Amino acid sequence: MQLKKLSNQGIINENIYGSRISFLAGCIVGDELYFSSWLSNGFYKMDLKTGICEFLDIFENEIKSRYLHNQAIFFEDAIWMIPTHAGKDIVKINIKTLEKVVIHLPENGEPIRDNKGNITWEFKCCYKNGSSEFWLVPLGYNMFLRVDMLTNQVIEYSELRDRVAFKDGKINFADACLVGDDIWFYPYDSEELVIFNTRTEKFRFILWKDNEKKLGFVRTYKEWMIFLSRGKNKSVLLINKDTFEKKEIALNIEWKEIKEPMYMVVDVIEQFLVLAPFLAQEFVAVNIETGNVQLNTKLHEYTEIMKWGPGRYQSSFIYGPKIIYASDIADAPLMVFDYQTNVAFYIHTKVNESQYRETIYKLYNENTEAILNWVRQKGSVIEEREVPLLLTYLLKDDGEDSKIHDIKDIKTDGERIFSCIK
């Protein structure tokens, strides 16, 4: 991995047709990435070779239409979506049948706000590939949970709540990492490092003396636990997971600009710690074995030229020798970094709307009389290009009209449209 020799190939699919879409939660299955849209209520799959997305379904259990999921797991033909912000439930979706199972969080579970009154990510999901269970570590929530993927049962480990005070204005943990049978909870406002053994289901509470550093990430490499900040990093802290020996890797980076959070996603690839920028300008790779630090700012310069703004990368997906980075900006493309060839390129995620448009016009043709009557009542003049938007408004109208197709029922606004696109 040589960032100084990194080659940028730019956009590789500029000419494909469709509306752009952003996402944070998804899973790669073969050559397809299944994901939950970040800014609309929808479940999609993307062809990783073309960037073309196909609408599959909506999350009819949700009241809100955006900010629903930020993490996902794949297990036995199903994608498990983890809720955040506006999302209410865990949702299990079979990718072959699109059958969904909604799994509710505990009734007495509550989000925790930070000292500015904001809701952060509720959970860090910890999962070992092939396992039939995963754990939800509370970052902005008041419970530590285990989810049994065979029975769909959600179990709380109340011992943590008995030990740690969960209240608004105090974010106890900033991140978590599964290491063998242990989950390390990285303390933020808390003064104790928590280690939970998933086999014995026992907690260890260890006094944390680096609390003032307000580090934001915990990762693992060989015998080392790695801690670093989401902001201006002067160094990377390493702690031996067995002996608790400490050492640091000095970064010595002259940051172009300080805007926090600077980083929201960190990956360990072979012996490298790789940081993709959120608001930072530097794309950074740290060799954990040698301490060598590499950075690249040309990718940031390119995104500024393209007027995409800062990277705002918050999710990463490993696809062979490539890391795919996703942001929460609707118009920004995915960034793909091939760490074997030192090549980066960008790919727009675009939804083919032809099927959607065909369905809209089909509904219009089936309901022409009712639409015209509705328009006359409004005293409006309608042009052909306004039909899709008008039909959408009509389906959202509170008034009842028996002549409106059978899709006007108790379904949500989004489902009235999307239920026909299958």
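For the pairs K49/K350; K234/K259; K128/K222; K4/K124, flag any whose C-alpha to C-alpha distance is greater than 21 Å.
K4/K124
Using 1/(1 + (r/R0)^6) with R0 = 60 angstrom and r between the beta carbons of L207 and E99, what's the FRET efficiency to the nearest 0.05? Computed FRET efficiency for L207 and E99: 0.80. The Cβ shell under 12 Å around Q153 holds other residues with a net charge of -2, Lys and Arg each +1, Asp and Glu each -1.
Annotation note: chymotrypsin sites (Phe, Trp or Tyr not before Pro) in the range 149-247 located in DSSP loop regions with a Cβ neighbour count of at most 10 within 10 Å are F244. The trypsin sites (Lys or Arg not before Pro) found in the range 109-210 that occupy coil by DSSP, while having at most 14 further C-beta atoms within 10 Å, are K116, K128, R199, K209. Each residue was assigned an accessible area with a 1.4 Å probe, and for D331 the value is about 90 Å².
Simple rule: put +1 on each Lys or Arg Cβ and -1 on each Asp or Glu Cβ in the range 20-157, find the dipole, and look at F74, N108, N142; the Cα lying farthest toward the positive end is N142. Using the 1.4 Å probe convention, the accessible area of the range 100-140 works out to 51 Å² per residue with neighbouring protein chains retained. Take every pair of alpha-carbon atoms less than 8 Å apart whose residues are at least six positions apart; their mean separation over the length of the range 178-320 yields a relative contact order of 13 percent. Classification of the range 66-105 by its C-alpha gyration tensor yields a prolate form. The axis ratio a/c (a ≥ b ≥ c) is 1.5 or more, and a/b outweighs b/c. For the set T303, T120, the ranking by accessible area, highest first and with no ligand, DNA or RNA atoms included, is T120, T303 under a 1.4 Å probe. Net length available on complete extension from N252 to K222 is 8.4 nm, with 0.36 nm assigned per residue and the Cα-Cα distance removed. Counting only Cβ charges, +1 for Lys and Arg and -1 for Asp and Glu, the dipole size of the range 1-115 around its Cα centre is about 500 debye.
Please work out how much length the chain gains when fully extended from N115 to A86, using 0.36 nm per residue of separation minus the C-alpha to C-alpha distance, in nm with one decimal.
That works out to 8.5 nm of additional length.
The values are calculated or read from the model by the stated rules, or taken from the named source; none is laboratory data. Since this is a predicted model, take the numbers as computed values, not measurements. With ideal geometry, Cβ positions are generated from the backbone for all residues, glycine too; neighbour counts draw on all protein chains shown. Calculation scope for accessible area: heavy atoms of the full protein, side chains included, ligands and nucleic acids excluded. Shrake-Rupley method; radii C 1.70, N 1.55, O 1.52, S 1.80 Å.
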